[in-house]
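All remarks here apply to the structure that follows.
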Amino acid sequence: MKQLFSILALSAMCLTAGCAKTGVVASSEMSPSTASESLELGKLDEIKNRYVKAGFHCDEWSIGDQLQLASASGSCEEGVRIGYFVDATDLEKQVAASRNWTEEYDLGKRSWVVGEDWIIETNEAKQVAKNLGGKIVII
């Protein structure tokens, strides 16, 4: 009971004195980089959702650095990577760098579907391009 009163007293003090002075930041306040990252992950999720709504599978969604120059990227099942690019120049650089890497390490050709601000690497490039738009690029 004594502990409950201590918690209530601390809560009341925080409310009257103002928690902001103690360094506590409301969760709705985000730094510009956090807000930007959140927006980028939201855009990536939109692309993934369009991919799924078009009838393609993405049961094992994992966000990470699958496409190094992407603002945000993730992967589904093996062989499917999705990337969102804020900057079109980064998208073009990603395509060029991946081509060079594939040739250098003799990895064999792969198909990507490239949209205005996204890339989807998939074995079903023709169907993805047909359903989502974009152009097929051989890497």
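The values are calculated or read from the model by the stated rules, or taken from the named source; none is laboratory data. Quantities reported herein were computed from a predicted structural model and do not represent experimental measurements. Virtual Cβ from ideal backbone geometry, glycine too; neighbours counted across all protein chains shown.
For the stretch 89-100, the tally of residues that are at pLDDT below 95 and either loosely packed, with under 12 Cβ neighbours inside 10 Å or in contact with a Gly (Cβ under 9 Å, 6 or more places away or on another chain) (or both) stands at 1.
Within the stretch 130-139, which residues are touching a residue at least 12 places away in the same chain (Cβ under 8 Å) and surrounded by fewer than 20 Cβ atoms within 10 Å (Cβ to Cβ)? Give the steps one after another, and end with the answer.
Going through the stretch 130-139, the residues touching a residue at least 12 places away in the same chain (Cβ under 8 Å) turn out to be 131-139.
Within the stretch 130-139, Asn131, Leu132, Gly133, Gly134, Lys135, Ile136, Val137, Ile138 meet the criteria.
Out of the residues in the stretch 101-118 that are among the charged types (D, E, K, R) and touching a residue at least 24 places away in the same chain (Cβ under 8 Å), which is nearest to Lys43 (Cα to Cα)? Among those residues, the one meeting the criterion is Asp117.
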